[in-house]
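First comes the structure, then the notes that go with it.
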Amino acid sequence: MHVPVLLKAAVEALHPLPGGIYVDATFGGGGHAGAIAAHLELQGTRPGRLLAIDVDPTVASDLPGVELVRGNFADLESILDACGIEHVDGVLFDFGPSSAQFDRPERGFSFRADGPLDMRMDQSRGRTAAQLLEHSSESELSLLFSRYGEERVARRIARAIVAAREGGRAPRRTLELARLVAGVVHVQGRRERIHPATRVFQALRIAVNDELEAIRRGLTAATARTRPGARIVAITFHSLEDRIVKHRFRDDERLHVITRRPIVPDAAEIARNPRARSAKLRVAERSL
């Protein structure tokens with residue numbers, strides 16, 4: 001079951017107004033979109049409009065008041081053009097894969113169950129994580145794990161993957177890769193706060209989907225297509241995402257930062273939904 005993160009805080013931060021036009025740029029399981037649509041519906045004769053975007057072609061919606069569009073939020077401006085929308089009154093981003101994607105082994109996002117090393121949010125295009133591991137050099141893999149996973153022993157992991165590949169044992173499944181990385185990273189007798197393969201899986205997923213560049217483009221487009229007084233709300237789940245959002249909000253003179261410090265889940269929400277533990281919510285308002 002999909003559990004939206006920071007739901008109440010996100011909707012309050014977006015501050016939907018009667019007759020406004022809003023975008024949920026990362027529809028996923030529809031939790032945030034459903035709450036926004038319900039809020040707009042309660043506003044009487046001027047219910048407004050809610051456009052929801054998702055890159056995953058398997059995602060569907062039967063939520064009343066939600067217009068679901070297939071696409072990448074990096075292409076937000078062209079999506080709005082196609083929908084005949086010039087400016088919007090708010091945009092919500094909830095970055096990273098949805099819970100449903102993590103929970104389906106065949107998508108390859110998680111090592112909790114065995115599945116193919118895919119990791120594509122849109123499985124109809126692009127190279128898989130397995131193909132990336134197969135065709136990247138040791139130095140390319142090392143840089144990828146260091147830059148996108150902030151992995152301290154990136155070079156050792158890259159060397160081990162290349163050695164396995166040269167021996168005809170290139171990892172093609174999630175548990176194969178997780179075991180290989182754990183064999184390199186784990187120190188006997190030391191308890192790990194997170195699984196040793198977590199940072200490598202994060203790095204591969206970011207690279208496969210070009211996630212950080214998509215975030216930059218999406219935020220730029222959202223700023224360009226919001227009217228004065230509109231809100232941009234962004235929920236991030238790791239430091240690389242949060243750093244981009246923080247700097248974009250702070251450095252763009254058209255934006256006024258609402259959240260000097262990010263909003264984070266309280267202990268009760270984390271207990272209900274452990275995946276929320278690393279979430280941070282930042283808000284900016286278009287002022288010019």
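Just so it is clear, none of the values below were taken in a lab; they were calculated from the coordinates. Bear in mind the structure is a predicted one, so any value in this text is a computation, not a measurement. When we count neighbours, we look across all protein chains shown, and the Cβ atoms used for this are built from the backbone with ideal geometry, even at glycine.
Note on S124, S142, S99, S78: ascending count of other Cβ atoms within 10 Å places them as S124, S78, S99, S142, the fewest first. Axis angle, to the nearest 10 degrees, between helix 138-149 and the longest C-alpha principal axis of the chain: 40 degrees.
The angle between the Cα long axis of helix 198-209 and the main principal axis of the chain comes to about 60°, on a 0 to 90 degree scale.
Give the order of T198, T220, T236 when sorted by the count of other beta carbons within 10 angstrom, beginning with the fewest. Each step should come with its number before you reach the end.
Working: T198 19, T220 15, T236 23.
Exposure proxy ranking, most exposed first: T220, T198, T236.
Distance distribution P(r), the range 1-118, all Cα-Cα pairs, bin width 10 angstrom from 0: 14, 43, 31, 10, 2, 0 percent. Distance from the C-alpha centroid of the range 219-266 to that of the range 142-216: 29 Å, rounded to the whole angstrom.
Here the mean projected area of the convex hull built on the C-alpha positions of the range 71-158 is 8.0 nm².
Across the chain, C-alpha contacts under 8 Å between residues 6 or more apart give a mean separation that, scaled by the residue count, equals a relative contact order of 19 percent. Exposure proxy shown here: for K246, K280, K8, the number of other Cβ atoms within 10 Å sets the order, fewest to most, as K8, K246, K280.
For the chain, just run the numbers: alpha carbon Rg, then divide by 2.2 N^0.38 Å, N being how many residues it has. Mind dumping the intermediate values first?
Working: Rg = 19.8 Å, N = 288, 2.2 N^0.38 = 18.9 Å.
For the chain, the normalised Cα radius of gyration is 1.05.
Rounded to the nearest 10 degrees, the angle from helix 174-185 to the longest Cα principal axis of the chain is 70 degrees. Distances between every pair of Cα atoms in the range 116-209, grouped in 5 Å steps from 0 to the bin holding the largest one, split as 3, 15, 26, 28, 17, 9, 2, 1, 0 percent.
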